[in-house]
Every structure is written in structure tokens, then in C-alpha cells.
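A short write-up of the structure that comes next.
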Amino acid sequence: MYDNNQDQISQVRRLCHQLCSSSCVEQKRQGLHEALLSQRPHWSVLKREEQYGQISWGEKIPFDIALPLPARDSREESGKGVKLFWERFRCQHCGRCCYTPGAGLFLEEEDFERIARFLGSKKKLKALCKYDKALDAWVLRQPCPFYDEDKMECKIYEIRPLTCTKYPLHPPLQEMPYNLALDAFCPAARQLAKDTLGWWIICENNWASILRRLTRDRK
């Protein structure tokens, strides 16, 4: 029974991603979720406070947050969710992603070559990295040597690694493969997750509508 329910949920979410991703992004951009929330105070008040608390855990516990925005896929029009994310995201310039002790920043081959040219040699860059045999790649040590704590800015911002240009976006969660995911460690990401929490009601309405159609077709 559980497996059947899980399969059905996965099917509904997959169909929603295929059929509704563009329209739901526009609905969220226009704020159409507000009317739905006004009809369901138990969702918009009680559930919101509970979710706020869970999101705030990211300050101390590492985890990723699923957003009510569709992840990009192979379709050309699938980037609307990412576009709306960057419209709404406001970096707080706290630098926490740059000076996390013990962390490491994976460098794509293109990242390594680009930064090495900026420094004047690969040897200089390697001195700031450690080699990860499992990844077969160089990993920039943290705290990041290119972060200026006094000015609170990146010294190589224009040529920063690809991972940095995407942060705080992370790969989608296994249990939510069709939604964007954020690093909860980022305070701006946590704030955006709270600000967009009400958007989930549009997703839930779409899921319910698709489920009704599937149930009706099976009958």
C-alpha cells in the first residue's frame, strides 16, 4: 500500500512538472497564492509557523531546502523557475559561504584554468588547494583565500568558480527531484524559503487536480 502511494505521489509530481511548471511560475510571480491562502487560514498561519521553525534549523544543522519552484530540465522553457529564483534572491553579503572552516570548494577544470591564469601560474593556485583523489579534481581550501573579510567581498568575483555563481542553489533533493533546492546554511536562502512558503499552496492545488484526473481516468 505504501509503495503504491509513493508511486502515485511520484507520478503526480512528475506530471505536474511536465504540465504546470510554466503556468505555476507565473501564478507565483503574480502573487495569486494570496487568494488561496486567505481561504485556508490553517495552512497560512499554523503550518507556516511550524515550517519557519524547521527552516531556521539551517543556521546550525546542514541540510537543503526544497523550494516551490520547478527545477530546470532538458526542455528549453524549463528555466523559468530558476529565473524567478534569481529575481527574488537577495544576497546578504555575509560571506558565510566563503569562510566556512573545514569546507572545500570543488573547481571545475575550466575554473582551475581561469583562476590559474589570473594568478599567473597553476603552482600558485595549487598552493591554495588540496587534491581530491575521489573527485580527481582540485578543491579550493576554506576559508576561501579570495574572500576579503574587511571589505566583505570576493577578490575574483568576475572569474569566480561555477559553483559560486550558482550558490545557494544545490542539486534537487532525492525526494523532491522536480523542485529547486537551496543550501539552508545561507541566511538569504532561509529568508527566501520563508518568503515563498505560501507558494506551496499553488503546487498542492496542482497536485490535487492531477490526482483527481488520474483517479477519474482509472475509474
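The values are calculated or read from the model by the stated rules, or taken from the named source; none is laboratory data. Note that the structure is predicted; figures quoted are calculated from it, not measured. No Cβ is skipped: glycine too gets one built from the backbone with ideal geometry, and neighbour counts run over all protein chains shown.
Worth pointing out:
- Taken over the stretch 210-219, the criterion of being part of a helix (DSSP H, G or I) and over 13 Å from residue 17 (Cα atoms) is satisfied by 211, 212, 213, 214, 215, 216, 217, 218.
- Qualifying residues in the stretch 23-56 (those that are in contact (Cβ under 8 Å) with a residue 40 or more places away in the chain and outside any helix (DSSP H, G or I)) - the one nearest to residue 206 (Cα to Cα): 32
Quick grid of which residues meet (1) in the same structural domain as residue 29 (by TED's automatic domain parsing); (2) part of a helix (DSSP H, G or I); (3) exposed (fewer than 15 other Cβ atoms within 10 Å of the Cβ); (4) not hydroxyl-bearing (Ser, Thr, Tyr):
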position	(1), (2), (3), (4)
85	yes, yes, no, yes
97	no, no, no, yes
110	no, yes, yes, yes
114	no, yes, no, yes
117	no, yes, yes, yes
124	no, yes, yes, yes
131	no, no, yes, no
138	no, no, no, yes
151	no, no, yes, yes
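- Test: residue in the stretch 197-208 that is outside any helix (DSSP H, G or I), closer than 29 Å to residue 68 by Cα, touching a strand residue (DSSP E or B) at 6+ places or on another chain (Cβ under 8 Å) and aromatic (Phe, Trp, Tyr): no
- Checklist (1) surrounded by fewer than 17 Cβ atoms within 10 Å (Cβ to Cβ); (2) within 30 Å of residue 17 (Cα to Cα); (3) over 13 Å from the mean Cα position of the chain (by Cα); (4) not hydrophobic (A, V, I, L, M, F, W, C) applied to residue 198, failing item: (1)
- Remark: residue 70 falls outside the filter, which requires a residue to be surrounded by fewer than 16 Cβ atoms within 10 Å (Cβ to Cβ), outside the structural domain of residue 154 (by TED's automatic domain parsing), touching a residue at least 60 places away in the same chain (Cβ under 8 Å) and under 17 Å from the mean Cα position of the chain (by Cα).
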